[in-house]
């Protein structure tokens with residue numbers, strides 16, 4: 001398994017760079033263009049959730065590549081005790097439709113896809 005880690009400021013202006021990075025990884029894994037676009041959109045939604053919750057000043061992203069599978073872990077996502085549940089439930093439903101698996105684990109949002 002190969003792992004690549006990125007840390008970006010919690011600022012939406014850096015999201016396009018992360019999407020481009022993901023696109024390069026997926027192209028090398030032979031994902032088709034439709035699946036690449038789906039995963040880029042899913043990643044954007046996850047990053048927007050992290051930004052909306054305003055948990056940390058840094059968003060940590062880890063790409064774990066194993067064979068024909070990629071797991072993307074977006075870290076530093078806290079579960080605030082505010083009324084954000086409705087605001088983040090729609091983006092997470094979108095993510096669930098775009099990837100093979102979507103789960104919360106501690107303060108990490110993990111999405112998984114296979115070629």
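The table below gives the values:
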| read-out | value |
| --- | --- |
| Condition broken by residue 58, with the remaining ones in (1) closer than 27 Å to residue 31 by Cα; (2) exposed (fewer than 14 other Cβ atoms within 10 Å of the Cβ); (3) modelled with pLDDT of 90 or more satisfied | (1) |
| Filter result for residue 105 (exposed (fewer than 14 other Cβ atoms within 10 Å of the Cβ) and over 15 Å from the mean Cα position of the chain (by Cα)) | no |
| Flag for residue 53 being surrounded by 11 or more Cβ atoms within 10 Å (Cβ to Cβ), touching a helix residue (DSSP H, G or I) at 6+ places or on another chain (Cβ under 9 Å) and modelled with pLDDT under 95 | yes |
| Failed criterion for residue 25 (all others in (1) more than 13 Å from the chain's Cα centre (by Cα); (2) under 14 Å from residue 111 (Cβ atoms); (3) in a loop (DSSP other than H, G, I, E, B) hold) | (3) |
| Residue check for residue 46: at pLDDT below 95, over 14 Å from the mean Cα position of the chain (by Cα), surrounded by 17 or more Cβ atoms within 10 Å (Cβ to Cβ) and outside any strand (DSSP E or B) | no |
| Residue satisfying condition, being farther than 21 Å from residue 5 by Cα and touching a residue at least 60 places away in the same chain (Cβ under 8 Å), within set 39, 98, 92 | 98 |
| Scope segment 61-87; condition at pLDDT below 75 and either within 20 Å of residue 15 (Cβ to Cβ) or in a helix (DSSP H, G or I) (or both); matching residues | 78, 84, 85, 86, 87 |
| Output for segment 95-115, where each listed residue is in contact with a helix residue (DSSP H, G or I) (Cβ under 9 Å, 6 or more places away or on another chain) and in a loop (DSSP other than H, G, I, E, B) | 99, 115 |
| Which numbered condition residue 5 fails, given (1) exposed (fewer than 14 other Cβ atoms within 10 Å of the Cβ); (2) at pLDDT below 95; (3) part of a strand (DSSP E or B) | (2) |
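The values are calculated or read from the model by the stated rules, or taken from the named source; none is laboratory data. Since the structure is predicted, the reported quantities are computational estimates derived from the model, not experimental observations. Glycine gets a Cβ as well: all are built from the backbone with ideal geometry, and neighbour counts include every protein chain shown.
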